[in-house]
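Visitor: Here it is: the structure, laid out below.
The values are calculated or read from the model by the stated rules, or taken from the named source; none is laboratory data. For clarity, every value in this text was computed on a predicted model and none was experimentally measured. Cβ coordinates were reconstructed from backbone atoms using ideal geometry, including for glycine residues, and neighbour counts include every protein chain displayed. The area values use the complete protein model at the heavy-atom level, side chains included, leaving out ligands, DNA and RNA. Shrake-Rupley method; radii C 1.70, N 1.55, O 1.52, S 1.80 Å.
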Amino acid sequence: GLLAFPLGSVAFRPLAGRGYLLTKILGLLIVSFLAWFMASTGIMEFSRSSVLVSMAVLGLISAAIAWRNWGDLREFFRENGRLILLMEAIFLTAFLAFLLVRAANPDLWHPFRGGEKPMDFAYLNAVTRSSVMPPYDPWFAGGYLNYYYFGQFIVATMIRLTGIQPAVAFNLAIPMLFALSAGAIFTLVY
């Protein structure tokens with residue numbers, strides 16, 4: 001989010017707080033898209049290195065924007081320090097609240113109701129383990145995913161960056177998505 005803030009502060013300028021919490025989503029989307037693009041076109045394999053290169057590209061773009069708008073950005077942070085702390089507190093509270101929900105039921109399969117968790121987890125594992133895109137199909141040996149997988153790719157990007165085990169990351173991704181949604185709602189309503 002911080003890496004994308006200079007870019008987001010231009011894109012979300014009309015919003016209160018310049019869309020500070022939306023820049024978390026923007027940063028995830030840009031870094032994930034760049035890593036996906038490189039893995040899809042054969043420029044680079046999907047790895048921690050490709051995620052770091054994507055972050056560096058976003059960082060360079062944001063650094064250029066920050067350099068041009070340095071005084072404006074510094075003034076924004078000085079005048080909106082409390083609002084930024086409030087927004088970070090909202091994000092963290094939403095994340096921790098939903099993390100408690102996941103902690104109450106962290107299993108990936110409900111014995112009585114079933115559900116889509118096994119399919120989601122299989123797709124997440126397939127995307128995480130694939131070095132090129134489209135990822136392999138976990139249900140069809142020798143095939144590739146002919147399904148919408150970019151949501152799993154965003155989580156896989158975080159997994160590649162941090163090295164967290166997919167089963168743990170799955171249970172952290174759901175609170176992260178909830179917190180990002182809560183932050184976006186707060187930003188738009190505020």
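Visitor: Please give the length that would be gained between residue 96 and residue 147 if that part of the chain were fully extended, namely 0.36 nm times their separation in residues minus their C-alpha to C-alpha distance (nm, one decimal). Please list the in-between numbers first.
Guide: Numbers: separation 51, 0.36 × 51 = 18.36 nm, distance 3.10 nm.
Extra length available between residue 96 and residue 147 comes to 15.3 nm.
Visitor: Provide the per residue accessible area, probe 1.4 Å, for segment 10-152, rounded to a whole number of square angstrom.
Guide: Ligands and nucleic acids excluded, the result is 61 Å² per residue.
Visitor: Round to a whole number: what % of the accessible area of segment 1-142 belongs to carbon and sulfur, probe 1.4 Å?
Guide: Numbers: 5650 of 8270 Å².
That fraction is 68 percent.
Visitor: Once both axes come from the Cα atoms, what is the angle between helix 70-79 and the longest principal axis of the chain, in degrees from 0 to 90, rounded to 10?
Guide: 90
Visitor: Any chance you could give the angle, 0 to 90 degrees and rounded to 10, that helix 117-129 forms with the longest Cα principal axis of the chain?
Guide: On a 0 to 90 degree scale, this one is about 80.
Visitor: Another one. Would you please classify the overall shape of segment 18-78 from the alpha carbon gyration tensor, given that a ≥ b ≥ c denote the square roots of the eigenvalues, rounded means a/c under 1.5, and beyond that prolate means a/b larger than b/c while oblate covers the rest?
Guide: The shape class here is prolate.
Visitor: Hey, what number do you get for the chain at 222 nm if only DSSP H runs of n ≥ 4 count, each worth -39500 (n - 2.57), divided across all residues, to the nearest 500? Could you put the intermediate results ahead of the total?
Guide: Details: 8 runs with 132 residues, N = 190.
Roughly -23000 deg cm²/dmol at 222 nm, from the helical runs in the chain.
Visitor: Between residue 57 and residue 2, what is 0.36 nm times their sequence separation minus the Cα-Cα distance? Round to one decimal in nm.
Guide: Numbers: separation 55, 0.36 × 55 = 19.80 nm, distance 1.38 nm.
Taking 0.36 nm per residue and subtracting the Cα distance, the gain is 18.4 nm.
Visitor: Expressed in nm to one decimal, what extension gain is obtained for the pair residue 164 and residue 83 from 0.36 nm per residue of sequence separation less their Cα-Cα distance? Show your work: numbers first, answer last.
Guide: On the way: separation 81, 0.36 × 81 = 29.16 nm, distance 3.14 nm.
Between residue 164 and residue 83, full extension yields an extra 26.0 nm.
Visitor: Here's something else I'd like to know. For residue 144, which sequence-distant residues (separation of 5 or more, or a different chain) have an amide H within less than 5 Å of its own amide H, given hydrogens modelled in the peptide plane?
Guide: Here 137 satisfy the definition.
Visitor: Among 7, 127, 163, which residue has its Cα positioned farthest towards the positive end of the charge dipole of the chain, with +1 placed on the Cβ of Lys and Arg, -1 on the Cβ of Asp and Glu, and the dipole taken about the Cα centre?
Guide: Checking the options against the dipole of the chain, the answer is 7.
Visitor: Counting residues in the chain as N, plug N into 2.2 N^0.38 Å and put the Cα Rg over that result. Show your work: numbers first, answer last.
Guide: Numbers: Rg = 18.2 Å, N = 190, 2.2 N^0.38 = 16.2 Å.
In units of the 2.2 N^0.38 Å rule of thumb, it is 1.13.
Visitor: Rounded if a/c is under 1.5, else prolate if a/b is larger than b/c, else oblate: which is segment 66-164, with a ≥ b ≥ c the root eigenvalues of its Cα gyration tensor?
Guide: On the way: a/c = 3.98, a/b = 1.66, b/c = 2.40.
The shape class here is oblate.
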